[in-house]
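First comes the structure, then the notes that go with it.
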Amino acid sequence: MQPKYESNQAASMPQTNPNQESALQQLNEELAKAEESFETMRRSMPLVPNADYLGRMQAAASNIEQIKERIAALTSGASMSENTNASISKFTISPLAQPINGSVAVCSATFYNTLTVNGITINEGKNGLYVKMPQKRTKQGRFIDVAHPLSADGRRNINETLLTAYKSGVLKQEFEVAPPKKIAAQNAVKYPPEYGNSLARLDVVVGDMVVHNAKIIKGKDDVLRLSMPSYKTKDGNYTSICIPATKEAYAEFNDKALKEYNTEYVYRKLSDDDASKLEQAGIKVQIHQNAKGENIAKIHPDDVSKVNQVIAPPANTFRK
């Protein structure tokens, strides 16, 4: 890829040493596991979580932030080479005149020329600078990431690219990157009727990035459409957090989201042994535990016959 620089000073690109690379890889692996654990909790979250559940999620989120700060301390001198960036096609950095709640700069990044994420911040922590993905405060008072990378490499890509650019005075930059290998919608949760025109929430996946809490809404013309995450400003207006970079991108996001919303998944209870058999057979299903501690599998209708070939069909299943 060929980067194009626009900076206010000459860029300096220090190099990492092997020990730093090894420690960074270990931390990124630790971060990936922590984020996977948090994501499992988020997917299993009931519509009205209790205080204990919220406390465990907050502890998991705090652990993720601590790992990010440790990564920031190691990446403070990392280089930004052509091989580092695999997903960011464009970014802008706006340094703040004075730090605000630890933030020293606000960034916008476009991934794969397909998805733009606003509200990314560069923060000063006790271990140095680190990148913080945009977050949204829920009605329960906790903060969750609106968009974030799915892999440790994706996290490292964002950290190294934005931190090195900020320290080098590179405030705008464009890259030539390959299109995303995957665009999908998943984890749709349908709302009860009292939610009005908001019919469901779901995740949108673009390559290595995932956007949470996108909505399926019904317009005044009764047409269903995808609404990407936004937040309400003090003056009552809404500002977008995640935006499709092109009309074509929105059309594809919308199509995938509506198909996910209209898919009637099959849900069934699984024993630990059943779950192990499916894993050994290479059949991936989403499994979470209900309030009774039972394993509940969410099975795509196209995969039902495959599942039934591995484990005996139950007497009763239900669709949702």
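Just so it is clear, none of the values below were taken in a lab; they were calculated from the coordinates. Computed from a prediction, not measured in an experiment: that's the story for all the values here. When we count neighbours, we look across all protein chains shown, and the Cβ atoms used for this are built from the backbone with ideal geometry, even at glycine.
Key figures for this structure:
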quantity	calculated
Distance violations [Cα-Cα > 25 Å] among Lys126/Lys172; Lys139/Lys181; Lys277/Lys298; Lys136/Lys292; Lys190/Lys269; Lys68/Lys284	Lys126/Lys172; Lys139/Lys181; Lys136/Lys292; Lys68/Lys284
Among 147-155, 167-175, the order from most to least packed when residues are scored by Cβ within 10 Å on average	147-155, 167-175
Efficiency of FRET from Cβ geometry, Ala275 and Ile100, R₀ 51 Å, rounded to 0.05	0.65
Gained length - Ser22 relative to Ser305, 0.36 nm times residue gap less alpha-carbon distance	97.5 nm
Label point distance in nm, Ala291-Lys220, each placed 7 Å from Cα along Cα→Cβ	4.0 nm
Gain in span if fully extended, Ser108 to Thr239, counting 0.36 nm per residue against the direct Cα distance	45.9 nm
Rough spin-label spacing in nm, given labels placed 7 Å along Cα→Cβ, for Leu199 and Phe143	3.4 nm
Quotient of C-alpha Rg and 2.2 N^0.38 Å, computed over segment 258-320	1.08
Spin-label pair Glu36/Ile283, simplified geometry with 7 Å Cα→Cβ offset, distance in nm	2.2 nm
Whole-percent pair-distance distribution, where bins are 10 Å wide, for the alpha carbons of segment 147-259	12, 36, 33, 15, 4, 0
